[in-house]
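Below is one structure, written out as structure tokens, with a few remarks after it.
The values are calculated or read from the model by the stated rules, or taken from the named source; none is laboratory data. Because the structure is a prediction, the values reported are computed rather than measured. FYI the Cβ positions are ideal-geometry reconstructions off the backbone, even for glycines, and counts take in every protein chain you see. Surface areas here come from the heavy atoms of the whole protein model, side chains and all, with no ligands, DNA or RNA. Shrake-Rupley method; radii C 1.70, N 1.55, O 1.52, S 1.80 Å.
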Amino acid sequence: MKPKRLRTLAALRRETARWRAQGLSYAVVPTMGAIHSGHTELVTQGLKRADRVITTIFVNPKQFAAHEDLGKYPRDEEGDAAKLGKAGCHAIYLPSPEDIYPQGFATTVSLTGPAKAGLEDKFRPHFFDGVATVVAKLFIQTGADYAMFGEKDYQQLKVVTRMAKDLDIPIEVVGIPTVREADGLAKSSRNVYLSAAERQQALAIYRNLTNAAERIRSGMNPQAAARAAARKLSSLGFKVDYVAARNAETLLLPKDANEPLRLIAAAWAGKTRLIDNIPV
Ligand code: AMP
């Protein structure tokens with residue numbers, strides 16, 4: 001299938017109005033492009049729930065800080081369209097910055113709760129307000145029934161779920177398990193930045209999270225297991241931003257032994273920041 005490319009908000013609205021007139025449901029898959037099999041899995045899962053899937057590609061300047069990789073973020077519209085088409089995606093929304101941030105734009109979604117868990121927010125202070133603002137706009141602009149998000153960005157999944165609920169946006173946010181390389185590395189658009197040696201090193205994140213989860217399941221204190229994993233990653237040459245064991249829903253520090261837990265990590269392999277997480 002060749003997905004229809006919608007380059008303006010008006011074109012998006014015409015297409016979605018047509019779907020609605022035919023009584024079709026549809027899911028949205030928000031992305032920043034550089035499509036890989038993690039993203040196409042979101043399309044596949046969207047197709048299981050809805051009649052149509054629309055992927056959005058927008059590299060959102062508001063979620064990058066000045067020193068981050070906005071300028072060099074990988075962009076390949078033709079490659080992305082081919083991969084999305086193969087996955088069965090019906091349309092791609094490629095808004096211009098003006099469609100998202102028209103002249104005079106003055107509104108930002110401001111968050112607390114899971115957005116202030118002291119994880120990503122501690123290292124990227126403006127990140128989630130930027131994400132939530134653009135995601136709220138994409139939910140409203142598309143009017144989709146479902147929004148597909150990866151567990152790969154676990155805090156983001158919790159933040160947008162909360163945001164949609166709090167703002168009464170009638171969309172069901174669906175979280176999809178992380179797609180990994182055969183050796184366990186979480187698929188990410190940023191993996192292309194890794195040198196061969198860093199690519200090898202990067203495996204240690206998933207390995208050490210898995211190891212920590214096993215230790216917790218066999219009785220080790222979750223915080224001690226997280227600290228041990230962080231120390232191990234540091235000793236392997238990573239600059240570790242955090243390894244945390246948190247309540248899987250609230251992202252708060254767990255208070256008792258029966259809470260569902262998530263192990264969440266962010267660490268730098270050279271100049272590339274990698275994130276990953278697993279259930280305990
Ligand atoms: P991005 O890569 O930042 O454009 O992410 C777009 C969406 O794809 C987000 O919901 C991510 O969580 C999701 N995603 C990215 N990588 C993966 C992966 N390896 N497995 C599942 N979902 C992913």
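Descriptive notes on the structure:
- Within this structure, ARG180 fails the test of being more than 23 Å from MET148 (Cα to Cα), charged (D, E, K, R) and out of contact with any Pro (no Cβ under 7 Å at 6 or more places or on another chain).
- Subset of region 178-200 [at pLDDT 95 or above and aliphatic (A, V, I, L, M)]: VAL179, ALA182, LEU185, ALA186, LEU194, ALA196, ALA197
- Residue list for region 17-53, filter: in contact with a helix residue (DSSP H, G or I) (Cβ under 6 Å, 6 or more places away or on another chain) and either more than 16 Å from the ligand (Cβ to nearest atom) or not polar (S, T, N, Q) (or both): TYR26, ALA27, VAL28, VAL29, PRO30, GLY33, ALA34, ILE35, ARG52, VAL53
- Candidate set: region 178-188, residues that are of a type outside the set (A, V, I, L, M, F, W, C) and more than 7 Å from the ligand (Cβ to nearest atom); chosen: the one least open to solvent (accessible area, probe 1.4 Å): GLY184
- Within region 67-101, the set of residues being open to solvent by less than 40 Å² (accessible area, probe 1.4 Å), over 19 Å from VAL53 (Cβ atoms) and not small (Gly, Ala, Ser) comprises ASP69, TYR73, PRO74, ASP99, ILE100, TYR101.
- From the list LYS48, LYS62, the lone residue that is closer than 17 Å to VAL28 by Cβ, assigned to a helix (DSSP H, G or I) and open to solvent by 70 Å² or more (accessible area, probe 1.4 Å) is LYS48.
- The requirement of being touching a residue at least 60 places away in the same chain (Cβ under 8 Å) and at positive phi is satisfied by GLY88.
- Looking only at residues in region 127-173 that are within 19 Å of ARG52 (Cα to Cα) and of a type in the set (Asp, Glu), the one that is nearest to the ligand (Cβ to nearest atom) is GLU172.
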